[in-house]
1. Report the local net charge at VAL380: Lys and Arg +1, Asp and Glu -1, summed over other residues whose C-beta lies under 14 Å from its C-beta.
2. Name the most mobile residue of ARG331, ARG80, ARG259, meaning the one with the largest mean-square fluctuation, in a Gaussian network model of the chain with Cα contacts below 10 Å.
3. Can you give the longest stretch of the chain with no exposed loop site, where a site means chymotrypsin sites (Phe, Trp or Tyr not before Pro) in a DSSP loop (not H, G, I, E or B) with at most 15 other C-beta atoms within 10 Å?
4. Please compute the length gained on full extension between VAL214 and GLU67, using 0.36 nm multiplied by the number of residues separating them and subtracting their Cα-Cα distance.
5. Pulled fully out, how much extra length does the chain show between ASP191 and ALA117, if you take 0.36 nm times their separation in residues and subtract their Cα-Cα distance?
6. Hey, if you put +1 on the Cβ of every Lys and Arg and -1 on every Asp and Glu Cβ in the chain, which of VAL61, ALA338, SER111 ends up farthest toward the positive end of that dipole?
7. List the extent of the Cα atoms of the range 183-308 along each of their three principal axes, largest first, rounded to whole Å.
8. Normalised by the empirical 2.2 N^0.38 Å for globular proteins, what value does the Cα Rg of the chain take?
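Coordinate-derived values only; no laboratory data. Owing to the predicted nature of the structure, the values given are computational and were not obtained by experimental measurement. We place every Cβ from the backbone using ideal geometry, glycine too, and count neighbours over all the protein chains shown.
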Amino acid sequence: MPSEQWTHPEPGDGPAAVAAQPSPEQVIAGLRATSEGGAELTQLLTPEGERVPSPQFDKYVEDVDAEALRGLYRDMVLVRRADREANAMQRQGQLGIWVPLLGQEAAQIGSGRALKANDMAFPSYREHGVAYARGVDMKDLLGIFRCTDHSGWDYRRHGFHPYTIVIGNQVLNAAGYAMGQKFEGKVGDDDGEATIVYFGDGATSQGDVHEGFVWAAVYDAPLVFFCQNNQWAISEPTERQSRLPLYQRARGYGFPGIRVDGNDVLACLAVSRWALDECRHGNGPVLIEAFTYRMDAHTTTDDPTRYRLSDELEEWKLKDPIERVRAYLARGGHADQAFFDKVQAEADTFAADLREYTFNMPEPPPERIFSNVYAEGNPVLEAQREEFLSYLDGFVSAGEH
């Protein structure tokens, strides 16, 4: 059996661990070698909640005072609480499936809050925090996972595209949208538009992502590729997908790439603002690798204990995105226990409201499946609709006799 290279260190860090199958010791060693994301990691808040100055990125968060940081903390707590409630509802049979975001709140809230009103976001299926940041009612997300809706929000008004289930396909959609922004002259100054697209580390192995990189690069599209590297593509570690850190892939396409601490909401906000600003001024595209960790299963159909060790999860708990903001606020006297208790109570109410809505969610009428297929009326679709409804009426008539 040929050997496989399981850990790919930064240049100059020494040889990688090589084995036909990784030993537990090698897995842990690989994790510890990359636990802080390497020398190129951009970080503004350490896991202990200490502020790290950055000559390049501090200017992008000059407006984030104590009140604004409390707001980011609140965002993450509410989103996590909603995520945990939805996870529990799936286990109780109220949702068909759920895709947890536990551990990735900072990457999503930080980047989501960096977007301006005229920007557009293209999610995969895990960006519940970005949806929240874009003003989408989280109740509208639940219909997807209860299998009663495709997307219940106005994507134009919110600047937030419907979820994409096919891995990586949203990158091509986003590239086309961003190219349209460029062709229509909506870039070039402070009022320009930009697009951001979200995908995971596993999606970087998909051809759609590669093609999106190519098209965006060739046409200088105002597109931020936001890769949430949560270390696991379902059951495969990142080391089995790339010889180099993912952000370095941008070099091959001719645009900049940067790695940010995905558990640092302040750094994610700053780096995303910088990247979006580059794009709206016509200097795009940009690749951001948010170095984070999925602390729960890939979906509720997954069992992560079958492929990763508990030591790994315990180490990443020390880098929790919410706790580091809490530590910073408490240490600096910017928030007291009453504030934290108030936010938690608000989060519990938020979750209870989602639960009440889900348990009483109405079933959509059968004719709804024919709605919004085409922008204008279509005689073929109308004929199919009438035939389908007539077919259903036949069951009602039969039941009456």
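1. Details: positive: ARG385; negative: GLU376, GLU382, GLU386, GLU387.
So the environment of VAL380 carries a net charge of -3.
2. Greatest mean-square fluctuation among the candidates belongs to ARG331.
3. Numbers: sites that count: TYR307, TYR374.
It works out to 1-306.
4. Numbers: separation 147, 0.36 × 147 = 52.92 nm, distance 4.09 nm.
Once the chain is fully extended between VAL214 and GLU67, it gains 48.8 nm.
5. Details: separation 74, 0.36 × 74 = 26.64 nm, distance 1.05 nm.
Fully extending the segment from ASP191 to ALA117 adds 25.6 nm.
6. Value: VAL61.
7. 50, 31, 25
8. On the way: Rg = 22.4 Å, N = 401, 2.2 N^0.38 = 21.5 Å.
The chain yields a ratio of 1.05.
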